[in-house]
Amino acid sequence: MPKFYMISPNVRKMSLDATGLLFTMLNDPESDYCTDVQLCSVLKADSLNTIQTALQELVAKEYVLKLHNGVYAVNKLKIPQMKMI
């Protein structure tokens, strides 16, 4: 059976909400290239405000890019700085 790995953010100076959102966006294909509202429908335990705050933090630290029409995507150039678990 093949061994599957997940990508884990290796960032200490980030909130737990931002770290969790980045982990989800990295490892769940349906959570990348989404709007904040789409992410909120996937992550039902978190409010839209929580997701928006986490996205702002991720964009400020350049782990996530804000594209046109309010779409957010993981900055793939940052992945080599992360670890496989």
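Data overview
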| read-out | value |
| --- | --- |
| Residue in region 62-82 that is most open to solvent (accessible area, probe 1.4 Å), counting only those that are in contact (Cβ under 8 Å) with a residue 60 or more places away in the chain and touching a helix residue (DSSP H, G or I) at 6+ places or on another chain (Cβ under 8 Å) | I79 |
| Subset of region 1-44 that is among the aromatic types (F, W, Y) and assigned to a loop (DSSP other than H, G, I, E, B) - its residue that is most open to solvent (accessible area, probe 1.4 Å) | F4 |
| Residue match in region 45-56 (condition: surrounded by 12 or more Cβ atoms within 10 Å (Cβ to Cβ), at pLDDT 95 or above and under 17 Å from Q81 (Cβ atoms)) | no |
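The values are calculated or read from the model by the stated rules, or taken from the named source; none is laboratory data. Worth saying up front: this structure is predicted, and the values here are computed from it rather than measured. Note that we place each Cβ from the backbone using ideal geometry, even for glycine, and neighbour counts take in every protein chain shown. In case anyone asks, the SASA skips ligands and DNA or RNA and just uses the protein heavy atoms, side chains included. Shrake-Rupley method; radii C 1.70, N 1.55, O 1.52, S 1.80 Å.
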